[in-house]
Structures are given as structure tokens and as C-alpha cells.
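What follows draws every value from the coordinates through simple rules; no lab data is involved. Computed from a predicted model, the values in this text were never measured in an experiment. Note that we place each Cβ from the backbone using ideal geometry, even for glycine, and neighbour counts take in every protein chain shown.
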Amino acid sequence: MREQRETLTIGGLARAAGVHVETIRYYQRRGLLTAPERPAGGIRRYGREEVERLGFVKSAQRLGFSLDEVAELLRLDDGLHCDEASALAERKLGEVREKIADLRRIEAVLAERVRACRAREDGPDCPLIASLHDGPEGLGEA
């Protein structure tokens, strides 16, 4: 492990984790990642643990967790808080399902507007543009 720590500068860590150096610094400021001590006259070195932690953060973000939620998941990452982690995931699942329902409503309205545009006579008004001028009432439930 010591050899690996000595091989990863912040740039190397960024490459290994597939993020930008500024992302690492931002995560450090947010408390998601700690900055190792800087040896006298040297540069900080990172190891496998930091690469894995960055992987955890990025995986959680891909599932839609905010950085605040990621911080909470990291706090719960000791094997003893599965119920709390599960509750957080259930809340996130509810949010995702809500977004999917919203997207389905948007899809239905857009599909109807596209059909209306394709079916229109060669008149001056575009059904999509006209519905946008009508405000939210012209867009149905979306």
C-alpha cells in the first residue's frame, strides 16, 4: 500500500478515478475526501483508499444521490447502518419514480403536440407554438 500511495499525486488520483483535479479539491472542501498530510517540502500522495472512495462517490451520484446524500451514505458506510442507508435509498427511489411520472406526462404532451403539428393544414399557426403561448393550460398536465 505504501508504494501505491507514493505513486499517486492528485493528478494521478484524478486520472485513476476518472475525475478532474478540481473535483477532488471540491470533494475535499465538502468533506467527502480527506487530503493526506503534505510532507515537508513534498507533495501529497494518495492511494487505493482514495481511489475507491472517489469510485463510491461517483457511483452514488450516478444513482441520483446528491453530494449531501453521498456524505450521509459515507457516514453510514461501516456495515452497521443498513436500515438507515436503505431508508435513504427508499426516499431516493420515491423521487426517481416521481421524476419518471413527470417525464411520462411530458412525453405524452410532446407526442400529442408533434402529432398535431404533423396533422395540421398549411395554416399560419403551429400547434406547438400556439400551446406554448397559451401557457401551462395549453400544455395539459405537464
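For log10 I(q)/I(0) by the Debye sum over Cα atoms at q = 0.09, 0.12, 0.15 Å⁻¹, the value computed from the atomic coordinates appears in the list (i) -0.40, -0.66, -0.91; (ii) -0.34, -0.59, -0.87; (iii) -0.52, -0.69, -0.83 under label (iii). In plain terms, the residue of Arg91, Arg45 with the fewest other Cβ atoms within 10 Å comes first and the most crowded comes last, giving Arg91, Arg45.
Ranking Ile100, Ala111, Gly135 by how far each Cα lies toward the positive end of the dipole of the stretch 92-142 (charges on Cβ) leaves Ile100 at the top.
Based on the Cβ-Cβ distance from Glu112 to Leu88, what FRET efficiency comes out when R0 is 22 Å, to the nearest 0.05?
0.05
Loop-located GluC sites (Glu not before Pro) in the stretch 54-131 (DSSP state not H, G, I, E or B) with no more than 16 neighbouring Cβ atoms inside 10 Å: Glu121.
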